[in-house]
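Reading through the structure tokens given below for one structure.
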Amino acid sequence: MPYSDNTNDSNINYINKDFTGLKAALIEYAKAYYPNSYRDFNETSPGMMLIEMSAYVGDVLSFYIDNQYKESMLPMADERRNLINLATTLGYKVKPTTTSFVNLKFTQNVGATTSDTGEISPDYSQAITLNESIQVKSTSNNNVIFETLAPVDFRVSSSMNPDPEVTGTDGDGLINQYTLTREVAAIGGTRIIKQFDVGSPTKFYEIQLTDKDVVEIISVTDSNNNTWHEVEYLAQDKVRIDTFYSGSIRNTAYDFMDNSTSNIAVPFTMEYKKVSKRFITKTNEDNSTSLIFGNGVLKNGQTIGEEFLDLQQVGLTIPGETANYEFGEDNIDIGLGDSQSTLGETPFNTTLTVVYRVSKGLEMNVSSNDVSSIVDSTLSADTSTVNLLCTNPKPAYGASHKESIEEIRQKALAFFTTQNRCVTQQDYEARILNMPAKFGQIAKVFVNRGDDLSTLDTDESSDTNRVNIYTLTYNRLKNLSVINDHSDGTPHPLKQNLKKYISNYKMLTDDIIISNGFIINFGVVFDVIAHRNQNKQAVKYDCIEEIKKYFNIDKMQFHQVIYTSDLIYALSSLDSVRSVNFVELTQDFSTYNYIDGDFQLSPLYCNDKTHTTLGECNPVGAGAQYGWMYDFNQFYNPAGTAFKGSGIVLPSKTPAVFELKNPNQNIIGVVH
């Protein structure tokens with residue numbers, strides 16, 4: 001019999017999955033079990049047509065089964081939609097894009113107090129306070145707009161602010177004018193306002209924003225002026241509220257809540273508030289953003305913060321309970337929120353006003369002194385008499401385009417182990433890479449514990465509570481860049497955001513130290529033999545493109561080992577390449593004597609002897625645009641100590657990332 005419940009007794013080959021195998025199996029099956037019914041196995045016979053159609057259907061079904069299984073596995077999935085869903089399952093929220101942050105320097109002119117000529121000082125009664133959300137445009141691109149994240153308060157004078165600068169004197173030489181300077185962090189992006197009408201209540205009501213590349217949801221309010229708060233997950237019922245002193249009962253930044261005075265300025269107060277009106281955001285496959293609300297409604301018109309009902313409970317009486325659903329305090333899980341519904345309210349019969357910010361990706365990484373055009377309509381005070389000016393002393397950092405497929409995969413795999421707290425090195429790295437887009441982007445990160453900032457040893461040291469975080473970001477060309485602090489030592493806004501963000505997840509005893517990582521730039525030299533009759537220029541182009549793909553900056557990480565043999569294999573796999581003579585990484589092309597003098601390039605490292613931090617190298621010195629020197633020759637020289645010329649490029653002891661910065665200029669090869 002051809003059929004059997006036991007597959008071991010069957011002569012059917014169950015491992016055939018492609019068209020050829022299925023067709024051959026069907027022919028053999030027909031010959032074995034229907035020898036007298038059908039004998040015409042000619043390619044043009046109707047019977048062969050049916051056999052081939054059956055094999056075709058089997059081939060297609062096998063493909064889709066294999067593909068569905070592959071797409072269900074995070075390490076093998078290739079479709080962006082599936083990767084987003086898998087990452088969400090592991091707790092990682094994919095970002096539509098990231099924007100840049102910059103420190104804006106505002107200046108205002110004020111007069112001088114002349115009551116005592118021996119103690120002349122700025123007249124702070126003339127100083128103004130500007131609310132947050134001041135918009136400042138780039139002078140080189142009017143579409144690039146930055147918005148301040150905090151008020152600009154010239155009335156507060158502290159050691160954190162630059163000293164007042166004397167900018168005017170009268171005829172007697174007495175000071176009569178000062179210039180006050182304040183710095184405030186700003187975020188890049190365009191503010192957009194849209195309204196959505198909501199009818200009857202719907203569980204987990206969803207609003208999809210049509211704009212792509214949404215960086216953040218600034219605010220959501222309904223027609224009753226109620227505020228809806230964004231949370232990480234709908235079960236989170238408490239949010240942090242930051243209040244500027246002018247919006248509270250305090251008169252100045254030096255006052256406490258009881259109006260007693262301190263000599264330390266504290267512009268903001270922080271509190272945690274329990275809210276029922278909340279929502280989460282979701283990134284869709286097309287890079288748009290959706291807002292998802294809760295599953296409950298307020299009962300009997302009660303005020304915000306009191307109990308609310310799951311929609312399925314409305315109009316029902318739970319057996320053993322009264323109709324008003326009054327549960328005792330013992331039944332409330334303080335960790336999850338209200339006992340009757342832990343996922344928040346859903347809006348109904350109202351109009352929601354959503355204010356959000358859209359970024360333009362790498363275009364937001366503008367250079368220094370470029371953000372200076374203040375949008376007057378966003379100012380909250382009259383500045384016509386104070387000569388208000390603005391600029392950015394340092395470039396804007398942190399913006400990038402949407403996360404690539406490989407970035408989503410790697411970040412999701414790393415994020416899975418964190419479980420919303422940071423203990424191990426992997427916990428910290430995953431959490432930092434998942435920092436919300438509105439705070440800027442950390443492109444590369446490495447974390448270790450101990451006193452020695454250059455050590456790779458993560459074992460216990462004399463200071464195991466010290467957590468060293470080394471970071472790098474992208475510039476507007478998506479080249480690696482360090483995050484330089486201001487000349488006065490003030491950390492860059494991106495570092496400030498990072499430290500505040502990671503403080504919510506670190507262990508109580510951990511001491512966070514954020515430092516810049518190191519960048520090692522290099523070039524590639526290759527020598528290949530093409531197949532006969534191949535266009536050598538085309539072969540060279542194919543090799544260069546393959547090398548670019550291999551060293552894609554998205555794949556490069558701190559302390560990454562480079563196996564030159566893998567690159568040789570990739571070049572050998574090209575159809576136009578017959579064999580590969582050699583491939584080497586280098587920072588000095590002049591050591592390769594077959595290169596014509598016209599192609600010799602300057603060393604791909606900064607050779608300024610005073611070079612201490614990338615960006616401080618003498619701009620006219622050789623290699624000024626590149627990073628640190630590294631001896632690649634030791635990994636290719638048979639007499640060297642590093643694996644005897646095996647081509648295994650080991651990472652530096654200091655936290656560094658290898659980068660092929662300018663592939664169009666720094667890849668040189670010969671095709672024979």
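The values are calculated or read from the model by the stated rules, or taken from the named source; none is laboratory data. Just so you know, these numbers come straight off a predicted model, no measurement behind them. Heads up, the Cβs are rebuilt from the backbone with ideal geometry, glycines too, and the neighbour counts pull from every protein chain shown. Surface areas here come from the heavy atoms of the whole protein model, side chains and all, with no ligands, DNA or RNA. Shrake-Rupley method; radii C 1.70, N 1.55, O 1.52, S 1.80 Å.
Give me the percent of accessible area attributable to carbon and sulfur for region 359-405, probe 1.4 angstrom.
47 percent
Relative contact order (percent) for region 123-193, with alpha-carbon contacts under 8 angstrom and 6 or more residues of separation? Walk me through the numbers before you get to the answer.
Details: 109 pairs, mean separation 22.4, N = 71.
Relative contact order here is 32 percent.
Set the Förster distance to 25 Å, then compute FRET efficiency between T509 and Q426 from the Cβ-Cβ distance, nearest 0.05. All intermediate terms of the calculation are to be shown ahead of the outcome.
Details: r = 19 Å, r/R0 = 0.76.
Using R0 = 25 Å, I get an efficiency of 0.85.
Tell me the net charge near F106. Cut-off is 9 Å between Cβ atoms, F106 excluded, with +1 for each Lys or Arg and -1 for each Asp or Glu.
Values: positive: K105, R182; negative: E183.
Residues close to F106 contribute a combined charge of +1.
Considering only protein heavy atoms, with the full assembly of protein chains and a 1.4 angstrom probe, order E147, E28 by accessible area, largest first. Intermediate results must be reported in sequence, preceding the final value.
Values: E147 5, E28 110 Å².
Descending accessible area places them as E28, E147.
Applying 1/(1 + (r/R0)^6) with R0 = 45 Å to the Cβ-Cβ distance of V355 and S115, what FRET efficiency is obtained, to the nearest 0.05? Walk me through the numbers before you get to the answer.
Working: r = 46 Å, r/R0 = 1.03.
Calculated transfer efficiency: 0.45.
Local charge sum around N387 (other residues, Cβ-Cβ under 15 Å, Lys/Arg +1, Asp/Glu -1)?
Numbers: positive: K105, R182; negative: D123, E165, D376, D382.
Local charge sum for N387: -2.
Keeping all protein chains in position, work out how much accessible area L50 exposes to a 1.4 Å probe, and write it in Å² to the nearest 10.
110 Å²
What is the spread of the Cα atoms of region 129-191 along each of their three principal axes, largest first, in whole Å?
49, 27, 16
What full-extension length gain, to one decimal in nm, is calculated for D211 and T167 as 0.36 nm per residue of separation minus the Cα-Cα distance? Please report the intermediate quantities before stating the final value.
On the way: separation 44, 0.36 × 44 = 15.84 nm, distance 4.64 nm.
Between D211 and T167, full extension yields 11.2 nm more.
Using a 1.4 Å probe, how large is the accessible area of D163, given in Å² and rounded to the nearest 10?
Surface accessible to solvent at D163 totals approximately 130 Å².
For F196, tell me the accessible area in Å² from a 1.4 Å probe, rounded to the nearest 10.
50 Å²
Assuming R0 = 22 Å, what is the FRET efficiency of S380 and I193, from their Cβ-Cβ distance, to the nearest 0.05?
Working: r = 18 Å, r/R0 = 0.83.
Using R0 = 22 Å, I get an efficiency of 0.75.
Full extension from K17 to V561: what is 0.36 nm times the residue separation minus their Cα-Cα distance, to one decimal in nm? Mind dumping the intermediate values first?
Details: separation 544, 0.36 × 544 = 195.84 nm, distance 3.81 nm.
Full extension of this stretch gives 192.0 nm more.
By accessible area of protein heavy atoms, probe 1.4 Å, what ranking do T654, T98, T114 get, highest first? Please list the in-between numbers first.
Values: T654 50, T98 5, T114 100 Å².
Sorted descending by solvent-accessible area, the residues read T114, T654, T98.
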